[in-house]
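Since the structure comes first, as structure tokens, the remarks are kept for the end.
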Amino acid sequence: GVELHKNSAAQGGDLFLALDAQGRAGHSGRNPLVRVASEIDLEDLKRVFPGAVTEETVARFDPASESVKGVKRTLYQDLQLREAPSAAVSAESIHQALMAAAAGSFKRVFAPDAPARSLIDRLRFAHWALPEMPWPDVSEGGLFELLRSASFNARSFDDLRALDWRGILEGTLTYRLRSTLDAEAPERLQVPSGRHLPLDYSAAKAPGGSVVLAVRLQEMFGCPRTPRIAGQRVAVLLHLLAPSGRPAQVTTDLENFWSSTYAEVRKELAGRYPKHPWPEDPRSAQPTARAKPRKKK
């Protein structure tokens, strides 16, 4: 660029023709100064260079509003002279511009709610635990391709953040895949007390990761072995909770816990929580989610 001298008569025009441009001694980094210039207008350019002045309507991503807008641009060769808002831009152009912006900002536009995030965790677990099934790709690259296909009418990052990711992902599952997922990587697991408790797959995204079931210790009475999922391939990591809600034991080997460590846990917690049952033989005891009933006077 150049800088027009403040006293130039061409200061009032949108365009000027620089007839000289002088460097500035001792002012490195500053634009050359134009002292002699002639004001011109757009019609002059069109008349003298009819093929060099063009107009185009494009979709452009605006970082300030995080949205795509249509603009009409007037160009002299590759120099933009004017720009104005325009509605005459195709939906496909808008979508392409939005996806180009989102490609470098995926974490800013990917905003699944808790149910959708849980489904993603279950699918990632299923990928390594049940690799024989054709699960949808839920890597970042795979999720971006799903975002691309599900967002044709979107115009902004806010529109992308509002996508129904659970619905999108469920739409990729065949009946067979959905049935297998519900059976082998269920959202909830029924425990001996009869309650259905949520499984946490957030730490099971890679091979060897743990699927966690947090359950009150008394609710597992009568259960001889650790529950298993994924076609019996994966043992659930049990967080056996004391009445305080804190884990009294963390194990994938319930059978060993009953026969060894349980006696120590019972001795420690029975005095602290006398209102809760602490049978000597938990394998034959009745599971319960409640404390002992109060004695009638």
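The values are calculated or read from the model by the stated rules, or taken from the named source; none is laboratory data. The structure displayed is predicted, hence computed values, not measured ones. Note: ideal-geometry Cβ built from the backbone for every residue, glycine included; neighbour counts use all protein chains shown. Ligands, DNA and RNA are excluded from the accessible area calculation, which covers all protein heavy atoms including side chains. Shrake-Rupley method; radii C 1.70, N 1.55, O 1.52, S 1.80 Å.
Within segment 61-76, the set of residues being open to solvent by 80 Å² or more (accessible area, probe 1.4 Å) and under 32 Å from the mean Cα position of the chain (by Cα) comprises Pro63, Ala64, Lys69.
With respect to the stated conditions, Glu83 fails to be in contact (Cβ under 8 Å) with a residue 12 or more places away in the chain, more than 26 Å from Glu170 (Cα to Cα) and within 18 Å of the chain's Cα centre (by Cα). Taking (1) at pLDDT 95 or above; (2) farther than 30 Å from Glu55 by Cβ; (3) charged (D, E, K, R) in turn, Asp159 satisfies each apart from (2). If the condition is being open to solvent by less than 50 Å² (accessible area, probe 1.4 Å) and under 33 Å from the mean Cα position of the chain (by Cα), then segment 18-60 contributes Val58, Ala59.
One residue stands out among those in segment 216-236 that are closer than 15 Å to Ala129 by Cα and in a strand (DSSP E or B): the one that is most open to solvent (accessible area, probe 1.4 Å), which is Arg228.
Looking only at residues in segment 237-285 that are of a type in the set (Gly, Ala, Ser) and assigned to a helix (DSSP H, G or I), the one that is least open to solvent (accessible area, probe 1.4 Å) is Ala270. Quick check: anything in segment 68-77 within 30 Å of Leu17 (Cβ to Cβ), in contact (Cβ under 8 Å) with a residue 24 or more places away in the chain and not in a loop (DSSP other than H, G, I, E, B)? Checked against the condition, which is being within 30 Å of Leu17 (Cβ to Cβ), in contact (Cβ under 8 Å) with a residue 24 or more places away in the chain and not in a loop (DSSP other than H, G, I, E, B), segment 68-77 yields at least one hit. Residues that are surrounded by 15 or more Cβ atoms within 10 Å (Cβ to Cβ), out of contact with any Pro (no Cβ under 6 Å at 6 or more places or on another chain), modelled with pLDDT of 95 or more and assigned to a helix (DSSP H, G or I) are absent from segment 192-209.
Helices (runs of 4 or more DSSP H) wholly in segment 107-170 with at least 1 residues that are over 24 Å from Ile229 (Cβ atoms) and hydrophobic (A, V, I, L, M, F, W, C) - which ones?
Qualifying helices (runs of 4 or more DSSP H): 140-150, 157-161, 165-170.
When residues in segment 120-134 are screened for being within 12 Å of the chain's Cα centre (by Cα) and of a type in the set (A, V, I, L, M), 1 of them pass. Of the candidates Ser151, Ser118, the single residue that is of a type in the set (S, T, N, Q) and under 24 Å from Glu184 (Cα atoms) is Ser118.
Rundown of residues vs (1) closer than 30 Å to Phe221 by Cβ; (2) surrounded by fewer than 17 Cβ atoms within 10 Å (Cβ to Cβ), yes/no style:
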{"site": "Ala102", "(1), (2)": "no, no"}
{"site": "Ser105", "(1), (2)": "no, yes"}
{"site": "Glu140", "(1), (2)": "no, yes"}
{"site": "Glu145", "(1), (2)": "no, yes"}
{"site": "Ser149", "(1), (2)": "no, yes"}
{"site": "Phe152", "(1), (2)": "no, yes"}
{"site": "Glu170", "(1), (2)": "no, yes"}
{"site": "Arg176", "(1), (2)": "no, yes"}
{"site": "Pro186", "(1), (2)": "yes, yes"}
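For every residue, the table says whether it meets (1) touching a residue at least 40 places away in the same chain (Cβ under 8 Å); (2) within 27 Å of Leu123 (Cβ to Cβ); (3) polar (S, T, N, Q).
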position: Leu181; (1), (2), (3): yes, yes, no
position: Lys205; (1), (2), (3): yes, yes, no
position: Cys223; (1), (2), (3): yes, no, no
position: Val234; (1), (2), (3): yes, yes, no
position: Glu264; (1), (2), (3): no, no, no
position: Lys275; (1), (2), (3): no, no, no
position: Ser284; (1), (2), (3): yes, no, yes
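Condition check: of a type in the set (A, V, I, L, M, F, W, C), surrounded by fewer than 11 Cβ atoms within 10 Å (Cβ to Cβ) and at pLDDT below 90. Does Leu79 satisfy that? In short, yes.
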